[in-house]
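Working notes, structure below.
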Amino acid sequence: MITLTVNGKNYQVDASPDMPLLWAIRDMVGLTGTKFGCGMAQCGACTVHMDGTPVRSCSIPVSVAAGKKITTIEGISDKYAKAIQDAWVELQVPQCGYCQSGQIMSATALLKSKPKPTDADIDAFMQGNLCRCGTYQRIRSAIHRAAELVK
Amino acid sequence: MKNPTPTSLDRRNFLRITGITGAGLVLGLSATGSGTETVENISAASESFDITAFIQIEKNGHITLFNPKPEMGQGTFQSIPALIAEELEVSLDKVTIQQTGGEKKFGGGQSAGGSSSVRGSYQNLRKVGASAREMLISAAAAQWNVPVSECYASEAKVFHKPSGKNMGYGELAEAASKLEVPKSPVLKDPKDFKILGKKYPRPDVPLKVNGTAKFGIDASVPGMVYASIERCPVFGAKLISFDDAAAKKVKGVIAVETCERNISGQKSEGIAVIAETYWAAVQGRKALSVKWDYQGYENFNSKDYAQQLRDAAKQEGAVQHKQGDFDKVFAEAPVKLEAFYETPVVSHSAIEPMNCLAHWQEGDRLEIWTSTQVPGRIMADLPKMFGLKEENVKIHTMFNGGGFGRRLYPDYVYETIQLAKKIGKPVKALWTREDDTRMGPFRPMTFSAFKGALDADGKAIAFQHKVISPTLDGRKDYDKSKADGTMTEGISEQKYEIEHMKNLYVHHYLHVPVAAWRAVTSTTLAFAHECFIDEMAVKAKKDPLAFRMAMLTKDSDTKTLIQKLKEVSHWDKPLPAGWGRGIAQYEFFAGLGGYVVEVSKKGTGVKIEKVYAVIDLGTVVNPDTVEAQVQGAAVMALTAAVKNGITFEKGQTVQSNYHNNPLIRINEMPKVEVHILANGGPRIKGVGEPGLPAFAPALCNAIFAATGKRIRKLPFDINNIA
Ligand code: FES
Ligand code: FES
């Protein structure tokens, strides 16, 4: 049994230690907002925060996550996250929406570390999150908008 | 149409507006009672009706609109219910929207593809809404004993103008349900639209920013187990035997079963490892040892196949379209040119991998949850495949994490249903990214051979586009005397007035599963077609836009589109040194779109500076969604133009995941300025696809203008223009 702390709650999961955190979150904790896209840290769909840092949960063994504070899309609630989510709705960013949990987790972390990001900052920070629907232009605008909203 | 028996009514009655698809829309009514799971209960109550049933109004005023078009990012979760809501006079944020699951009563159009959702539903679903509105108004007028003409509907209520009295739809539903259905309901004047034509927020967006939107991959039922399926990496191979002893020793693995995949005319076997967790299933799968018979396909590779297509191009081919006397005019023309264009195989690569959850109950009842573009087709297939009756099947059409044509093919659904049946437990089968990248189906390549001729004044007088390709249905016994319509899509539909034309098709078989891909064959043909038109313009020493306009003397949407492109891109304004601009347009079954792209020289490559898109719709339902769709289409087109694509070696797909089958990332995304033409007219054109085909040729024409290098083969390296 491994104890995971997800969104402030403790869960006992019966997972083999090498199971990626992603599957423990989705299939054992039962939170499905975090998505699977590639399983090799290429797409960012599985992005969660571990002790506040964005990580690709598909590539972190669940044993490594034990004892760390995990936050998923269902658990983000600070002013940065709120601003990002509001801006995402205002600018109607999602298309299919599948990549967007990951985009939002990354964007929230970006805003926290850089409250006024430039286009170049956004491009550098958000590069790890693929969007097959091509919502990139709106993602950029929405991050700028969120930066305004956060004040 | 029968009335439901009184026993099917309970304390809560519903107004049901129903229509028969076919010759025209016939509206009917049935009153039915129900609890919360309305779809199933109504299905039981209206079993004997061959009807569609899109509106449900409960006595408490709650309204549900049924949406037959799966949502995959193209916005049908808003644009389709909007058609009903507009005429019904209800606000979209006050209704529940429910995806249909292939039920007969919702008619034959339960699929999303071909950019057809809005254009196919625009009139019919508005009529559904308008009929209901008229019935609700009549019911209120009767209750108040006032003329119908003194009443109107607004915000889910009927008002009596002179007195200001009003009643909610919920209170009126039962009385309205007993009225005659209007034969020809009066549709609203577009100038009174509150939803249609407006930038209206999509109701699925809030769900997609907090993790609550449910995709196929998110479905679960108690007792569910997981499957990961091993398939032969060599296309066309057959299973000889497998050893699952090691796989079964992996903790959590509970069974190993075979299943059959059937796609694009290709059948193949898979070995599914079924486990208590998905991770265990994947580990168990790695422990399988399998013997395949490659059937001689183990040496197949892209290079040889491409050479075969080049060789096949020497065949005359089947005539796809002919006008004038191409052969003679071309032979005698003073100026002529020829060129050969090549495009690659590409993958759909939706970020949500293929998946399905199948649950058999009591042997002959089946419930499935899946991300699919075609719930209607799945429902139609199940009786012959599994001996199921429609009333015993429940399909949950989930949000699609991308479709792009891939989810028109339910191979992954049927595999899962087989497995669930074999092991007697609900099974969720999920493809890995590697499965998704390697197994196809893929967009096939098309090669194009051109001939063009000009008269002494540089006017285009003869044109030939010969397409060389496999077909999407994967048929080996293709009748070579016929030109395949899909594989020659749009090549004879362009409005350019060229007197002598002969377009041709040469088939060359491919055993790898291929499929429709967003904008289908127009994505490759437009590149070749519109680049060659550019080559003709260069040969004629004409400005490429002016050259096109000179071939458009008659009024057409294409002409209007090019004029609009000229204006929004400031085509005549000189560009800085080292820059170039290119134009392209393409009209095909889904609609009409065009681009002007500007690039600048940067080192050995080019940088995309500006992208202007114009899409012609005739009628627009949600301009905000259209803008997003066109921007997304541009990104997808750019990926297909400048990233690797799919290649084959030793009978297998070389690429496996996003690291070697890359997609455009945010730092590579150009800004796309979108303009919409919505000037009315009889034809409503599609949104999801027409933003794609013209992008690559506009880009390559711009590159020619900037660098003098003509790109005739995709993909190419944008950082190193050879
Ligand atoms: S699923 Fe983790 S990065 Fe793609
Ligand atoms: S919104 Fe569909 S993949 Fe990003």
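The values are calculated or read from the model by the stated rules, or taken from the named source; none is laboratory data. Note that the coordinates shown come from a computational prediction; the quantities given were computed from them, not determined experimentally. In this analysis, Cβ positions are derived from the backbone assuming ideal geometry, glycine residues included, and neighbour counts consider all displayed protein chains.
Observations
- Taken over segment B:64-87, the criterion of being among the charged types (D, E, K, R) and in contact with a strand residue (DSSP E or B) (Cβ under 9 Å, 6 or more places away or on another chain) is satisfied by B:K69, B:E71.
- Pair list, Cβ under 7 Å, 6 or more apart: segment B:646-675 residue more than 7 Å from every other protein chain (Cβ to nearest Cβ), other residue in a loop (DSSP other than H, G, I, E, B) and among the aromatic types (F, W, Y): B:F648/B:F300; B:G651/B:F235; B:G651/B:Y294; B:G651/B:Y297; B:G651/B:F300
- The residue pairs whose first member lies in segment B:390-411 and is in contact (Cβ under 8 Å) with a residue 24 or more places away in the chain and assigned by TED's automatic domain parsing to the domain that holds B:A358, whose second member is within 16 Å of ligand 2 (Cβ to nearest atom) and in a strand (DSSP E or B), and whose beta carbons are closer than 6 Å, counting only pairs six or more residues apart or on different chains, are B:M398/B:F215; B:F399/B:F215; B:G401/B:F215.
- Qualifying residue in segment A:116-125 (condition: surrounded by fewer than 22 Cβ atoms within 10 Å (Cβ to Cβ) and within 16 Å of ligand 1 (Cβ to nearest atom)): yes
Quick grid of which residues meet (1) modelled with pLDDT under 95; (2) aromatic (F, W, Y); (3) more than 6 Å from ligand 1 (Cβ to nearest atom):
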site	(1), (2), (3)
A:R26	no, no, yes
A:G30	no, no, yes
A:G33	no, no, yes
A:F36	no, yes, no
A:G39	no, no, no
A:G44	no, no, no
A:G52	no, no, yes
A:V62	no, no, yes
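- Residue within segment A:53-66 that is within 11 Å of the chain's Cα centre (by Cα), crowded, with 20+ Cβ neighbours inside 10 Å and within 11 Å of chain B (Cβ to nearest Cβ) present: no
- For segment B:654-683, a residue qualifies if it is outside any strand (DSSP E or B), hydrophobic (A, V, I, L, M, F, W, C) and within 19 Å of B:V635 (Cβ to Cβ), and the qualifying residues are B:L663, B:I664, B:I666, B:M669.
- Apart from one condition, B:G474 fits all of (1) modelled with pLDDT of 95 or more; (2) surrounded by fewer than 22 Cβ atoms within 10 Å (Cβ to Cβ); the exception is (1).
- Qualifying helices (runs of 4 or more DSSP H) (wholly inside segment B:504-602; at least 2 residues being among the hydroxyl-bearing types (S, T, Y)): B:522-539, B:557-568
- The set of residues in segment B:268-297 being touching a residue at least 60 places away in the same chain (Cβ under 8 Å) and under 33 Å from the mean Cα position of the chain (by Cα) consists of B:G270, B:A272, B:I274, B:Y278, B:V282, B:Y297.
- Considering the conditions (1) assigned by TED's automatic domain parsing to the domain that holds B:L510; (2) among the polar types (S, T, N, Q); (3) within 16 Å of ligand 1 (Cβ to nearest atom), B:Q323 is excluded by exactly one of them, (3).
- Segment B:402-459: number of residues that are within 16 Å of ligand 2 (Cβ to nearest atom) and either part of a strand (DSSP E or B) or of a type in the set (S, T, Y) (or both): 1
- Count of residues meeting criterion [within 16 Å of ligand 1 (Cβ to nearest atom) and among the aromatic types (F, W, Y)] in segment B:350-368: 0
- Of the residues screened, B:E180 is not one that is in the same structural domain as B:Q99 (by TED's automatic domain parsing), acidic (D, E) and assigned to a helix (DSSP H, G or I).
- Criterion (under 25 Å from B:E489 (Cβ atoms), crowded, with 20+ Cβ neighbours inside 10 Å and not hydroxyl-bearing (S, T, Y)) met by exactly one of B:A678, B:A696: B:A696
- Matching option when the condition is within 26 Å of A:W23 (Cα to Cα), of a type in the set (D, E) and either within 14 Å of chain A (Cβ to nearest Cβ) or surrounded by fewer than 19 Cβ atoms within 10 Å (Cβ to Cβ) (or both), among B:E260, B:E230, B:E276: B:E276
- Top-ranked residue in segment A:1-28 [being part of a helix (DSSP H, G or I) and in contact (Cβ under 8 Å) with a residue 40 or more places away in the chain; ranked as nearest to the other protein chains (Cβ to nearest Cβ)]: A:A24
- Subset of segment B:536-551 [in contact with a Phe, Trp or Tyr (Cβ under 8 Å, 6 or more places away or on another chain) and farther than 14 Å from B:Y586 by Cβ]: B:M536, B:A537, B:V538, B:A540, B:L545, B:M551
Residue-wise test of (1) among the aromatic types (F, W, Y); (2) surrounded by fewer than 17 Cβ atoms within 10 Å (Cβ to Cβ); (3) within 16 Å of ligand 2 (Cβ to nearest atom).
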| site | (1), (2), (3) |
| --- | --- |
| B:Q320 | no, no, no |
| B:K336 | no, no, no |
| B:V345 | no, no, no |
| B:E352 | no, no, yes |
| B:C356 | no, no, no |
| B:Q361 | no, yes, no |
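- Condition broken by A:K151, with the remaining ones in (1) at pLDDT below 95; (2) within 15 Å of ligand 1 (Cβ to nearest atom) satisfied: (2)
- Screening B:A219 on (1) at the interface with another protein chain (Cβ under 10 Å from one of its Cβ atoms); (2) touching a helix residue (DSSP H, G or I) at 6+ places or on another chain (Cβ under 9 Å) shows it passes everything except condition (2).
- Pick from segment B:113-130, criterion under 25 Å from B:G61 (Cβ atoms) and out of contact with any Gly (no Cβ under 8 Å at 6 or more places or on another chain), ranking: surrounded by the most Cβ atoms within 10 Å (Cβ to Cβ): B:L125
- Where B:L309 falls short, out of the listed (1) in the same structural domain as B:D477 (by TED's automatic domain parsing); (2) outside any helix (DSSP H, G or I); (3) surrounded by 15 or more Cβ atoms within 10 Å (Cβ to Cβ): (2)
- Here A:L31 fulfils each of the conditions (1) facing chain B (nearest Cβ under 8 Å); (2) part of a helix (DSSP H, G or I); (3) in contact with a helix residue (DSSP H, G or I) (Cβ under 8 Å, 6 or more places away or on another chain) apart from (2).
- Which listed residue is within 16 Å of ligand 1 (Cβ to nearest atom) and within 14 Å of another protein chain (Cβ to nearest Cβ), from B:S347, B:S371: B:S347
- Single residue of segment A:37-51 satisfying the filter (touching a residue at least 60 places away in the same chain (Cβ under 8 Å) and more than 16 Å from ligand 2 (Cβ to nearest atom)) that is nearest to B:D436 (Cα to Cα): A:A41
- Taking helices (runs of 4 or more DSSP H) as the structural unit, those lying wholly within segment A:92-151 and holding at least 3 residues that are within 18 Å of B:P670 (Cβ to Cβ), facing chain B (nearest Cβ under 10 Å) and within 16 Å of ligand 2 (Cβ to nearest atom) correspond to A:136-149.
- Filter result (in contact (Cβ under 8 Å) with a residue 40 or more places away in the chain and on the phi > 0 side of the Ramachandran plot) within segment B:561-596: B:G578, B:G591
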